[in-house]
Structure formats: structure tokens, C-alpha cells
1. Specify which of the listed residues (Ala236, Ala270) is over 17 Å from Glu361 (Cβ atoms) and within 19 Å of the chain's Cα centre (by Cα).
2. Among the residues of the stretch 244-255, is there at least one that is open to solvent by 40 Å² or more (accessible area, probe 1.4 Å), more than 30 Å from Val71 (Cα to Cα), at pLDDT 95 or above and within 25 Å of the chain's Cα centre (by Cα)?
3. Among the residues of the stretch 211-223, is any closer than 21 Å to Ile363 by Cα, in a strand (DSSP E or B) and either out of contact with any strand residue (DSSP E or B) (no Cβ under 8 Å at 6 or more places or on another chain) or in contact (Cβ under 8 Å) with a residue 40 or more places away in the chain (or both)?
4. Tyr474 passes all but one of (1) surrounded by fewer than 23 Cβ atoms within 10 Å (Cβ to Cβ); (2) in contact with a Cys (Cβ under 8 Å, 6 or more places away or on another chain); which number fails?
5. Within the bounds of the stretch 44-54, is there any residue that is of a type outside the set (Lys, Arg), under 28 Å from Gly245 (Cα atoms), open to solvent by 50 Å² or more (accessible area, probe 1.4 Å) and modelled with pLDDT under 95?
6. Quick check on Asp610: is it acidic (Asp, Glu), under 19 Å from Phe423 (Cβ atoms) and in contact (Cβ under 8 Å) with a residue 40 or more places away in the chain?
7. Being charged (D, E, K, R) and assigned to a loop (DSSP other than H, G, I, E, B) is the filter; apply it to the stretch 362-391 and report the residue that is surrounded by the fewest Cβ atoms within 10 Å (Cβ to Cβ).
8. For the stretch 304-316, check the following and say yes or no: at least one residue is open to solvent by 10 Å² or more (accessible area, probe 1.4 Å), at pLDDT below 95 and hydrophobic (A, V, I, L, M, F, W, C).
Amino acid sequence: MGRSPLLTVDSMLSLVAVLLVVGVRIASAVAGEQPLSKIAIHNAVYALHENASISAHPLVLGLKGEDTEWVVVDFQSPRPAEDDWVAVFSPANFNSSTCPPNDPRQRAPFICSAPIKYKFANESSSDYTKTGNASLEFQLINQRSDFSFALFSGGLSNPKLVAVSNFINYANPKAPLYPRLSQGKSWDEMTVTWTSGYNIHEAIPFVEWCLEEETQTRAPAGTLTIQQNSMCGPPARTVGWRDPGFIHTSFLKNLWPNARYTYRLGHRLANNSYVWSKVYSFKSPPYPGQDSLQQVVIFGDMGKAERDGSNEYNSYQPGSLNTTDQLIKDLANIDIVFHIGDITYANGYISQWDQFTSMIEPIASTVPYMIASGNHERDTPGTGSFYDTNDSGGECGVLAQTMFYVPADNIAKFWYSTDYGMFHFCIANSEHDWREGSEQYRFIENCFATADRQKQPWLIFAVHRVLGYSSVDYYSLMGSFEEPMGRDSLQKLWQKYKVDIAFYGHVHNYERTCPIYQNQCVNTEKFHYSGTVNGTIHVVVGGGGSELSYFSELQPIWSLHRDCDYGFAKLTAFNHSSLLFEYKKSRDGKVYDSFTISRDYRDVLACVHDGCESTTLAS
């Protein structure tokens, strides 16, 4: 055999260019950037100017029980510049007295906490740089503490504190807020998780609930909180830290199927007075296997955005409000939601979890809001994650597994199964080892194997990273069309147990495959499937709100539909034999791709390639 020719200079340069493009797109599509991380808060210096001022009003928020209010901020600077900016701090006192003891830095004074949001000073007035006067409006949610506003010059990279405002606060900063429903460990149990400022020594938490028109009953709640030393690294352990308050969870048990319940969150104070939330309602789950209309929404990678247009998330998650608003608009036709990883993109800035739970409150307070762990919740170097990156900003899963309940045997591992009527869901955790021989692999197989397909014919697998199929450009250039080692061990389980659909996030777009096994389509149909389950349909639905991912120029034969836009999937089970899949865009809620599945129980039992039960000739 002859020796291969050496690379020419031109070919080497071309290769380098390709690698650079791949690297940039991987960073853009997967990692992203937390906007608060753009602020070099450690470089901030005090440069208070006697002729600069900033003030905010109204002084007291929530006088009528509101948990969201608009605030007007007026400010002036004697030396205005285009890169001046206004930050919102909470707690309001952000001077060096809030720094941890034995801070290793040498310069004083310090600012040891990042703001919770910010805007550039000239956003509302193009004349600011000429007049030095402007006003901004911010929307503030109740976050258990007071607020102040600060005017900075020097841009985000070299901030100089020019002026500090008066303090403002909510009338009841400790109020119980932002309930999140979740399926319990049994079909007739609903859990309610919420946030407050009340420790158990101050007040006893509970949920008051009942069937509509029935007598009220009360269910006790457990209380957890998170300490700064529970964080695994910066910025969560440093400038991103903010006290997340107290997280309460109550278990509402022995529910009647398909019944409408009302509930409200309560805290009994030491003087025997009560603090109450608003009144909410939910419909209890159907009995497993019940034949009725059942509707499920699935998406990943939504994150949060601010309705006041704060630059904190400008151009980062432009789709998240659209996704949220479409779900709220269609809430009467949704029974349960699965948000499969990359929840808030807080990335170590803890204040953002309150912002997110406030944003989704109309959804999560009404239907179960089930989550999966993503890289931006879990991954921190040296903490046992399968990927040794700091995508979580030092959170290492602590915030996700405390702020939301999932029916996992071990919440830190974050894999679980749950049933809803005719659906059986197996939710995996791509940030822990899933390969054959691992603890999670055994869970996945057991979850598939224990599905009663006669009662629950629709078997759904969901996980954050793409362990199946995606033709996004960076997977394509790696030559894998998947997360490395993704489907090596799992595809034989999908085939053996006849999994209907596998869902993924992580890649910020939408893509649907044919029913596939071992890279081959096992059905020539595109929009209607019937009969034997010969392969699994894989769906990437990571367009919940974060910046979009580009597809490769090559579209594999198994890729039936691709869309680089924001959207979500909806499954509608009409009965045991008929399932409708729809992909809807967040911008208008209209259907842009769909297919149906029709089959009987005997079709699920039928023998398929590499998925047949062992047989014997014995009679």
C-alpha cells in the first residue's frame, strides 16, 4: 500500500476553518451564555457622583395582594454615555457588608452579588446621552426581599457605581407563591410545591384543598431550603448566590379520578393568624388505562425571558415567552406538561429560578409540570456528572431537584417513571451514565418492561440530550447524528420493548424521524402508522425558547421533517388505538407537522426484528 499524501497548506487551513465553525456553533447551540455573566461585577468600583441621582416608585408593592408590579425608575447623570446601565439589586443592600467573611480579594469596597436584571440607560430615550435624564420601567415579582436600583457607567465590563436609589419592597415579601404541581408516586396523588419566606419556626405550611363544592381539608407540607455551601462552584457559590427562600411540598392523596379540585397555599403563624395564597384548581389524573381524551405537551430548553424587555435576556431566549403564552392560551386542552431539561438557564444565578417559576405559574399551578435534568441544571466539574463541564454554573442539580418535585426514588439521580391514563412515561437523565451495566440502564429497562401495554399502549421515552437521532450540524460533522455513545446500548431496549416515541431536547430545533431501528427506516409511511411497532420514532423538540441550532446541509433519509424555529410537541390519545402527534410553533400555536398512529393490542404483542420473545418447540 502506498503512503497517504501529506496535507497541503490550503487543505490544513480549510480543516482548521471547519473546526472553528464547528466549535463556534457547538458553543452557540449547546452552551449559550447567561446574560448576567456578562457583568464583571468583581470589577465594579464605587464612583458615586453628587450630581447623579436615581429614584424608584411606588415605594410599596403588592398592597392588593399582587405578586407582580411595575416600577418606574427616574435617573440623571452629569456625564451620560451610551453604555450606562441600570441594575436591579435584591436584597436592596448590596454593599461590602454582604460579602462573605475572609473574602480573598484585596480591593475595597466590594460588590459581592450580581443584580437580578438590568437595562441600558438609553433604552427608553435616545436623548439620554444629550440630556442625562431618562426613565425606565421594570416589572418586579415578589422575591422575599427588598429592591434597590443602581446607575452604572463604564458598561458591563468596567462598571462604576454612580448612584443608588431608595429601597422599595412588597407589602408581604414572605407570601406563599408560584405553586408547581407534579404527579406523585401513585396515579391518585398530586404534589404541590411552592416558595415562601417562612421558615418552619415562623409558620406551619399546608395546603387547603377539596373537591369543588365539598368540605375543605388540609394536607401538611414539608419544608426545605438551600444554603450557599450546597452550591458546587461559581457563580452559584459566589456572585450568583441569592437566598432561594423556603421550598414547601405537600402531597394530596386518594384523589378521585378526573375530578376538579380547588386549593390554596397556607401558613399558620405563631399568633394563630393565617397567610393565604390565591385560590387555584387542577383536574386529577385519570385511572391508569382509562379510555378518554388525554393531551400531553413536551418540549425542552425553554429558559425564561422578561416581559419588561430587560437586556438580561434580550436575544437569548426570545421564544420562551411565546411558548409560555401559547401553553396558557391552550391550557384547557392540556393535561400534563413535560419540560425535558434546560429549565431556566440560570447557570448559577439563583435569582432566576424565582423569575422562571413566576413565568410558568399559570401553567404549573393548573396541570402537572414534570421536568427532566439537563446539562444546565446538573453539570459541574468534579461532582459526578457524566459530562465534566460547568454548564450549570455550580448548581450541580441542587436547585432543580429542590424547586421541583419528581416521583424519583432518589431525587439526586433524577430518573423516574410516571403514568397518565393510557400513557407510560420513562424519563431518563442524560447527565448520568445510561450505558449498559449502569444503574440507570437497569432503571430504563425495568421502566419499559413494567409497562402494561394493554392498559397503557402508548410507551414514551424522554431525556434531555439526543441519545437517538439528530441531524444538527455539529452532530453531523462529528459523524454520529447523536450524542457520542448515545444509542449504543439503548436502541435494543427501544426495539425489544416497542417504544413508540423517544423525545429529546438539548438541540434547539425540531426534527422528526421515521420509525427507525439501527439507522434504517422500518416503515415507508410519513404521516400515518398502523399495525406492528417495527421501530421507534425519534423527535427532537428543543425549541422551547433558547437560541436556535442550525441543521446540517445533509438531510438523512430517516429525517422526515426539520424546522429551525421555536415550538413544542403535543400528543393526544383518543383511545387505546388512536394517537395524534402535533408539532406546533410558539409564535402562533398552529400545527406545522403531524402524524397519527393506529394499532390494536395484538399489534404491540407481535414479533419484530430483534424484539421477539424466546420460543420453544415444547408442546
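1. Details: Ala270 fails: within 19 Å of the chain's Cα centre (by Cα).
Answer to the selection: Ala236.
2. Taking every residue of the stretch 244-255 in turn, at least one turns out to be open to solvent by 40 Å² or more (accessible area, probe 1.4 Å), more than 30 Å from Val71 (Cα to Cα), at pLDDT 95 or above and within 25 Å of the chain's Cα centre (by Cα).
3. yes
4. (2)
5. Applying the first criterion (of a type outside the set (Lys, Arg)) to the stretch 44-54 yields 44-54.
Next, only the ones that are under 28 Å from Gly245 (Cα atoms) stay: 44.
Next cut, open to solvent by 50 Å² or more (accessible area, probe 1.4 Å) only: none.
No; the residues of the stretch 44-54 include none that is of a type outside the set (Lys, Arg), under 28 Å from Gly245 (Cα atoms), open to solvent by 50 Å² or more (accessible area, probe 1.4 Å) and modelled with pLDDT under 95.
6. Numbers: acidic (Asp, Glu): yes; under 19 Å from Phe423 (Cβ atoms): no; in contact (Cβ under 8 Å) with a residue 40 or more places away in the chain: yes.
It is false that Asp610 is acidic (Asp, Glu), under 19 Å from Phe423 (Cβ atoms) and in contact (Cβ under 8 Å) with a residue 40 or more places away in the chain.
7. Of everything passing the filter in the stretch 362-391, Asp388 is surrounded by the fewest Cβ atoms within 10 Å (Cβ to Cβ).
8. The answer is yes, given that some residue of the stretch 304-316 is open to solvent by 10 Å² or more (accessible area, probe 1.4 Å), at pLDDT below 95 and hydrophobic (A, V, I, L, M, F, W, C).
The values are calculated or read from the model by the stated rules, or taken from the named source; none is laboratory data. Quick caveat, the model's predicted, so the values are computed rather than measured. Every residue, glycine among them, receives a Cβ derived from its backbone with ideal geometry; neighbour counts consider all protein chains shown. Remember, those area values only see protein heavy atoms, side chains included, never the ligands or the DNA or RNA. Shrake-Rupley method; radii C 1.70, N 1.55, O 1.52, S 1.80 Å.
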